[in-house]
Amino acid sequence: IDQEIDTTITQEDRKKIDAIDWLVFDQSQRSEAMRQANAVMRSFIAIKKLHAAKEVFHKLPADSIDVIVKTWQYQTGSADLPPEEANSVREYLCHRAYLNAMDSFNDLFNQYHHTKPTKPTLAEAASFTEKVAHEQHMKRYQQELDRWRHHLDIQTKTTKGMIYNVLLFADGGWMVDQKQVVSPDTNREHQMGLLRQLVLPGLCFLLHKILHTSGHYDECLKIADLVASEQHGLYKVFRKDELQQLLRLLRDSSLSNLNKNLDPLGYPSQMDQQPVNL
Amino acid sequence: LGQFLQSKDIKYLSWLHQLQTSDYSQAHESLLELSRMETTSLSKKKTLLSLSKLAGLASDDGEEDVNITGINEELDLITHQEQLPAHVLHQRGLDPDEMEVLSPEQLIELYISDMSSEEQELNFKKALDLLQYIDRNDPNIDVEALRYTIWAKAILRNSWAVDQSGEPIETVKDTVFFKVATLAYDEGIDLREYLPGIELLLRCEDLGLLQDDRNFQYLLRVGYEHIQQTLY
């Protein structure tokens with residue numbers, strides 16, 4: 001899975017990130033600040049510089065949407081943002097959903113690999129005292145392992161939810177504008193389309209990895225429902241080789257289902273069959 | 001192994017082997033066949049169709065396009081079943097998470113039996129939409145008759161008594177019948193073909209007592225005229 005993240009931030013990147021500072025001083029410029037921040041985040045996400053994208057995200061104060069709506073209301077008396085602004089706010093929310101999901105995944109990844117308790121070992125020629133001590137260690141290890149599993153379960157659930165938030169982004173999907181604009185920024189629209197192709201298949205693979213690793217093989221197969229659905233149209237952002245890769249991953253989950261004596265989709269098997277190893 | 005997997009009992013595993021050997025069009029076919037045989041579990045049928053669609057899209061020859069249109073129709077039908085109001089499912093003792101596969105006729109029946117939803121017109125619109133999924137070659141089902149039955153049942157949701165204001169058009173506009181027509185019109189459907197013929201509709205036995213109700217006949221004609229003037 002190609003999820004390697006580029007954590008470097010060059011001088012050039014730093015300039016782009018810090019430039020946002022100049023735009024957030026004046027509240028009346030907040031919508032311009034958001035537009036710029038969105039553009040910079042798009043370019044960072046496109047090259048997998050998620051750390052840099054996150055820094056940009058945090059340059060915008062958390063109340064920015066509120067400020068933009070209020071400014072507009074103050075200027076025009078209307079609470080409905082004009083199409084460009086509405087699209088920009090929606091894009092900002094898309095960035096937030098994605099960055100949150102990736103953060104959550106990184107936490108999960110670290111938790112999985114770095115906090116797993118290590119099993120105590122016992123030398124072959126251990127003395128009686130050592131054996132007693134080992135028994136104690138094993139007991140504590142078991143407790144720690146249970147606690148670790150429990151936390152992992154919770155983190156898995158959270159991460160899963162956040163990934164679904166991106167994949168099922170409401171009203172038309174992630175990085176898809178809702179409002180028609182008179183003179184569209186074709187460059188921006190092109191970039192957003194590319195980001196969908198770049199990010200969404202990878203997120204589906206990530207979702208599969210999480211579900212498969214945590215043994216939710218039946219839910220793995222449901223990824224097929226999600227990707228094939230016309231309502232969300234996710235399959236359209238998959239290249240042919242990516243679809244093939246997805247099917248291979250789903251096949252792995254099917255085999256795991258069979259090994260649990262379930263049918264390939266994870267339902268109770270109608271036939272009494274032995275576990276199959278293909 | 002491929003041959004072994006073709007034998008009947010083990011057919012439900014063959015697609016796994018076909019995916020393994022990168023034979024995506026065969027996997028697409030196998031999964032499609034399995035989905036056709038699946039009647040006991042709606043969600044399972046959905047996943048088989050989805051997998052088949054993905055395998056079809058992943059294959060190199062473009063001959064699966066026809067099938068994929070068919071798969072999308074099947075998935076549409078499944079969505080109709082998934083969208084049945086919870087209280088309707090509950091009444092029939094159906095568990096939304098473990099439903100069997102219902103036929104389009106059954107779905108129509110369920111949609112028009114729903115008495116408690118707020119927007120009745122949505123149910124009737126869906127029932128009419130579902131007509132397209134019925135197999136027209138099935139000698140046991142008269143699709144046209146069913147269409148008239150749906151409209152008649154929609155009519156029966158209102159009393160068709162003129163209210164105090166005495167404005168026939170206002171009474172008509174308030175009916176489920178009229179709201180279904182408006183809904184279809186808003187979706188860009190040509191009402192000339194969509195609406196039932198008024199004479200045939202009046203002869204439809206499902207109307208019961210309303211059939212001979214002069215006042216109703218008058219109001220329905222007013223309604224048709226109004227629709228002709230405003231929605232055609």
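The table below gives the values:
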read-out: Selection within segment A:235-248 - out of contact with any Cys (no Cβ under 7 Å at 6 or more places or on another chain) and surrounded by 18 or more Cβ atoms within 10 Å (Cβ to Cβ); value: A:Tyr235, A:Val237, A:Phe238, A:Glu242, A:Leu243, A:Gln244, A:Gln245, A:Leu247
read-out: Residue that is farther than 30 Å from A:Val237 by Cα and in a loop (DSSP other than H, G, I, E, B), where the choices are A:Lys119, A:Lys139; value: A:Lys119
read-out: Check on A:Gln231, surrounded by fewer than 22 Cβ atoms within 10 Å (Cβ to Cβ) and within 12 Å of chain B (Cβ to nearest Cβ); value: yes
read-out: Residue match in segment B:73-93 (condition: among the aliphatic types (A, V, I, L, M) and in a loop (DSSP other than H, G, I, E, B)); value: yes
read-out: Top-ranked residue in segment B:20-53 [being among the hydrophobic types (A, V, I, L, M, F, W, C) and more than 10 Å from chain A (Cβ to nearest Cβ); ranked as surrounded by the most Cβ atoms within 10 Å (Cβ to Cβ)]; value: B:Leu32
read-out: Index of the failed condition, B:Glu73 passing every other in (1) charged (D, E, K, R); (2) over 19 Å from the mean Cα position of the chain (by Cα); (3) more than 10 Å from every other protein chain (Cβ to nearest Cβ); value: (2)
read-out: Subset of segment B:149-192 [closer than 15 Å to B:Asn215 by Cα and among the aliphatic types (A, V, I, L, M)]; value: B:Ile155, B:Leu156, B:Ala161, B:Val162, B:Ile169, B:Val172
read-out: Search result, residues across segment B:119-136 that are out of contact with any Pro (no Cβ under 6 Å at 6 or more places or on another chain) and within 17 Å of B:Leu89 (Cβ to Cβ); value: B:Leu122, B:Asn123, B:Lys126, B:Ala127
read-out: Extreme residue, farthest from B:Phe177 (Cα to Cα), among residues of segment B:199-232 that are loosely packed, with under 14 Cβ neighbours inside 10 Å and hydrophobic (A, V, I, L, M, F, W, C); value: B:Leu209
read-out: Top-ranked residue of segment A:1-40 - restricted to ones that are hydroxyl-bearing (Ser, Thr, Tyr) and part of a helix (DSSP H, G or I), ranked as farthest from A:Asn87 (Cα to Cα); value: A:Ser28
read-out: Residue count, segment A:21-34 (criterion: in contact (Cβ under 8 Å) with a residue 12 or more places away in the chain and either in contact with a Pro (Cβ under 7 Å, 6 or more places away or on another chain) or surrounded by fewer than 20 Cβ atoms within 10 Å (Cβ to Cβ) (or both)); value: 5
read-out: Residue count, segment A:78-116 (criterion: of a type in the set (A, V, I, L, M) and assigned to a loop (DSSP other than H, G, I, E, B)); value: 2
read-out: Unmet criterion (only one of (1) modelled with pLDDT under 90; (2) of a type in the set (A, V, I, L, M, F, W, C); (3) assigned to a helix (DSSP H, G or I)) for B:Met115; value: (3)
read-out: Matching residues in segment A:148-157 - criterion: being touching a residue at least 12 places away in the same chain (Cβ under 8 Å) and loosely packed, with under 15 Cβ neighbours inside 10 Å; value: A:His151, A:Asp153
read-out: Tally, over segment A:59-110, of residues that are over 16 Å from the mean Cα position of the chain (by Cα) and either aromatic (Phe, Trp, Tyr) or within 30 Å of A:Trp148 (Cβ to Cβ) (or both); value: 2
read-out: Selected residue (only one of A:Asn187, A:Asn165, A:Asn259 is touching a Pro at 6+ places or on another chain (Cβ under 9 Å) and surrounded by fewer than 21 Cβ atoms within 10 Å (Cβ to Cβ)); value: A:Asn259
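Yes or no, residue by residue, for (1) farther than 18 Å from A:Leu226 by Cα; (2) modelled with pLDDT under 95; (3) under 19 Å from the mean Cα position of the chain (by Cα); (4) not in a loop (DSSP other than H, G, I, E, B):
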residue	(1), (2), (3), (4)
B:Ser52	no, no, no, yes
B:Asn67	yes, yes, no, yes
B:Glu98	yes, yes, no, no
B:Leu107	yes, no, yes, yes
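The values are calculated or read from the model by the stated rules, or taken from the named source; none is laboratory data. Fair warning: this is a prediction, and the values are worked out from it, not measured in the lab. FYI the Cβ positions are ideal-geometry reconstructions off the backbone, even for glycines, and counts take in every protein chain you see.
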